[in-house]
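*Asks:* Quick one: this structure, given as structure tokens, is what I'll be asking you about.
The values are calculated or read from the model by the stated rules, or taken from the named source; none is laboratory data. Bear in mind the structure is a predicted one, so any value in this text is a computation, not a measurement. Note: ideal-geometry Cβ built from the backbone for every residue, glycine included; neighbour counts use all protein chains shown.
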Amino acid sequence: MSMFRIFDVAGSAVSAQSQRLNVVASNLANADTVAGPDGSPYKARQVVFQTLLMGAPGAFGRSGDANAGVRVSTITESQAAGRRVHDPKHPGADAEGYVTYSNVSPVEEMVNMISASRSYQNNIEVMNTARNLLLKTLQMGQS
């Protein structure tokens with residue numbers, strides 16, 4: 001594997017973690033929302049990654065691509081029931097006086113955010129290390 005392929009692998013991971021961070025931000029922004037006009041509350045979303053093996057056909061959408069890496073294959077919605085709170089005075093309450101909130105767990109989303117952020121940082125560090133190794137190799141060749 002070429003040294004330059006490291007940038008492809010780490011770059012794909014950075015892109016995937018960036019998408020994961022966007023989904024986490026959306027989930028956190030909707031953590032306390034109530035059911036919308038259609039009667040269904042916001043559902044938490046989760047990112048599903050797919051590993052791309054080196055030399056696998058169709059990697060990154062190109063046929064015969066020799067890159068390895070990761071990509072977001074789908075974004076799924078949680079099917080867990082929303083949190084129901086008894087508050088008959090709330091304008092969004094149903095006939096029984098319950099308000100249905102989203103099924104987002106802020107604690108789980110914060111853990112996802114920390115994990116995605118650290119993965120993002122680690123892949124940036126991989127790219128910086130590879131860059132420094134390439135620069136050192138060029139310097140050795142100049143001497």
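*Asks:* I'm trying to understand the selection: among the residues of region 1-28, which are assigned to a loop (DSSP other than H, G, I, E, B) and polar (S, T, N, Q)?
*Replies:* Ser2
*Asks:* In region 70-129, how many residues are in contact with a His (Cβ under 6 Å, 6 or more places away or on another chain) and not small (Gly, Ala, Ser)? Outline the logic, then answer.
*Replies:* The initial filter retains those residues of region 70-129 that are in contact with a His (Cβ under 6 Å, 6 or more places away or on another chain), namely 97-99.
Filter once more, so that each one left must be not small (Gly, Ala, Ser): 98-99.
So the count comes out to 2.
*Asks:* Please work out which residue is surrounded by the most Cβ atoms within 10 Å (Cβ to Cβ), limiting yourself to region 1-28 and to residues that are modelled with pLDDT of 90 or more and of a type in the set (Ser, Thr, Tyr).
*Replies:* Ser12
*Asks:* Please go through region 1-41 and give me each residue that is farther than 22 Å from Thr76 by Cβ and among the charged types (D, E, K, R), ordered by number.
*Replies:* Arg5, Asp8
*Asks:* What pairs come up if the first residue lies in region 27-53 and is β-branched (Val, Ile, Thr), the second is surrounded by fewer than 12 Cβ atoms within 10 Å (Cβ to Cβ), and their beta carbons are under 6 Å apart, counting only those six or more places apart or on different chains?
*Replies:* Within 6 Å, the pairs are Val48/Thr74.
*Asks:* Where in region 29-101 are the strands (runs of 3 or more DSSP E), entirely inside, with at least 2 residues that are under 25 Å from Gln19 (Cα atoms), at pLDDT 90 or above and under 22 Å from the mean Cα position of the chain (by Cα)?
*Replies:* On the way: elements: 45-52, 69-77, 84-86, 98-100.
Strands (runs of 3 or more DSSP E) meeting the threshold: 45-52, 69-77.
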